[in-house]
1. Based on the alpha-carbon gyration tensor of segment 353-477 and its eigenvalue square roots a ≥ b ≥ c, which shape applies: rounded if a/c is under 1.5, prolate if not and a/b is larger than b/c, or oblate?
2. Sequence-distant or interchain residues sharing an amide H contact under 5 Å with TRP216, placed H: which?
3. Classify segment 284-402 from the C-alpha gyration tensor, please: rounded if a/c falls under 1.5, else prolate or oblate depending on whether a/b exceeds b/c.
4. ³J(HN,Hα) across segment 81-97 via Karplus (A = 6.51, B = -1.76, C = 1.60, θ = phi - 60°), whole Hz, x for Gly/Pro?
5. How large is ³J(HN,Hα), in whole Hz, for each residue of segment 358-371 in order, when computed from phi with the Karplus curve 6.51 cos²θ - 1.76 cosθ + 1.60 and θ = phi - 60°, using x for Gly and Pro?
6. Before anything else, pin down the relative contact order of the chain: Cα pairs under 8 Å, at least 6 apart, normalised by residue count, whole percent.
7. Which angle from 0 to 90°, rounded to the nearest 10, does the C-alpha axis of helix 254-266 make with the longest principal axis of the chain?
8. Name the residue farthest towards the positive end of the dipole of the chain from the options ALA414, TRP67, ALA101, assuming +1 on Cβ of Lys and Arg, -1 on Cβ of Asp and Glu, about the Cα centre.
Amino acid sequence: MGKIESRLKSLENRIARLESTLVIPDNEDPYRSEEQVQTADPSLISDTLTEEDKGLESQIGRFGLAWLGNIVLLFGIIFLTQYMMIQRFRIFSTVLGFIAALSMFFLAKYLKKTNDHLSFMFKMNAQVLLFYITLRLHFFSTSPVLTNKTISVIILLLIIALQAYMSIRDKSQAFAALYVIFALTTGIVCDATHFILPLVALTAAGSIYYYYRFKWEPLLVATIILTYSSVFLWLLGNPVMGHPMQLIAEQHSGVIYFFGLGAGFSITLLFRNRDRSSDDFLIGVTFVNGILYTLLLIFVVLGFFGKNYVVLFSIITICCLTWSTILHSRSDWNFASAFYALYGFMTMSIALYGLFGFPRVYLLLSVQSLVVVSMALWFRNRLIVVMNSLLFLTILLIYLLSSKSVDGVNFSFALISLVSARIINLKRSRLQIKTDFIRNLYLIEEFFMVLFVLFHAVPTHFITLSWKIAALLYFFLIFILNNVKYRYMALGTMICAVFYLFIIDLAKIEIIYRVLALL
């Protein structure tokens, strides 16, 4: 009996495990094994099909071959209409193209509920074909179907407007990309300054709106590149339309659109996410916009503002510094305000050069460095201080290597270095500077500039004496500021004075000055 009971318990446990596997409700008859098998089989088959659908072959069949077939269909219709156009069946070719486009639209609508992906591809094809057939009504044809260019352009603009509406309605980034391409293409083929540039500006504005509403990042980057490329084509005479590639003779107030293009893409910084998730993308957008804007600015200045660029760079300076202040007031993101502040000071340097020239401009550039440090304190921005210290060093090296020595400029560089080092030391907590690298850089510059200044400013026989006086002043600063770095500078200055005394002075200067120097 014991063996029979244990056997029954074992069977009950096995049946319970099978029921839990097949998920049989409690009120269902456990002896309906045939129905259990029938209900289990579809799920198993469904799981098998789901796994199969995820295979590489299925993905290629459903998406890759579908895209390939639609592309072949599109080019087939285009080649057919082109062939009929060559055979002088212009009207029939145009009508056939429009019928094909409308057929694709209706087919896309019909397939929307059953095959959304194929419907999307047909809709894309239909829009491209519609734009192409409309474009060929007047452009790129020796005997156009529509001789009136204005009407043809109006129809193209209506298609662009329809494309923009569909992209917003369907929330489709692909349709929005077609809007960008259609708008820029229309501007280029129309081949008129006050048509190309407004369409470029409209395209940029549309892309900014798309980013603001839908956060379409790839579209924004592509639009920045395409819009600046279109402006470059305009500057080079629009060679796409058969003109020789050369800088246009007159810019026809196109610089206004140029300013608007750079300013428009800068507005995207206001759409930064609060969770900082978009910071890396916006940094990339800012650099792409800045690089392309700078390249375009070089072309514009060399072509049209070679002699009166001061006003142009002054306007850019005011705009950049104002925008930097706005960004600082709206956000604590240091990068955005620092980038535009530094760009503004860079254009200010060019404007100052245009006003004063070399070497007098170096005096103002050294003072400008102190202004930048002051702005960094106001913004609490460490990045501005770091970049300014590198720019200050670059300007100093250029001055020393390329210009003749001017005592006023020399003293200004030495004094600004000392003052900047003191400001950074006193306000390091405000700037969140944790190391002494930047301050040490300014002190090293100040150390060498003091030697350089005195070497050129005082008579030859008083150089050693002046360096020793400078060393004494450093020792005096040690007692006032209680800072060991000035002791190092004092000792370094004394060592330089001793070397100069024994190598130069004892061989050249008169005996009385040798005695004074030795004393």
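1. Working: a/c = 2.57, a/b = 1.31, b/c = 1.96.
Verdict is oblate for segment 353-477.
2. Sorted by chain and number, the residues that satisfy this are TYR211.
3. Working: a/c = 1.85, a/b = 1.19, b/c = 1.55.
Judged from the Cα gyration tensor, segment 284-402 comes out oblate (a/c at least 1.5, b/c at or above a/b).
4. My calculation for segment 81-97 gives 5, 5, 5, 5, 5, 5, 7, 6, 9, 5, 5, 4, 4, 5, 4, 4, x Hz in order.
5. Here the 3J(HN,Hα) series is 8, x, 5, 5, 5, 4, 6, 5, 5, 5, 4, 4, 5, 5 Hz.
6. Numbers: 439 pairs, mean separation 28.7, N = 519.
Taking the mean separation of contacting Cα pairs over the length of the chain, I get 6 percent.
7. 80 degrees
8. ALA414
Values quoted throughout were computed directly from the atomic coordinates according to the rules given, and no laboratory measurement underlies them. Everything numeric in this text was worked out from a predicted model, so none of it was measured. Heads up, the Cβs are rebuilt from the backbone with ideal geometry, glycines too, and the neighbour counts pull from every protein chain shown.
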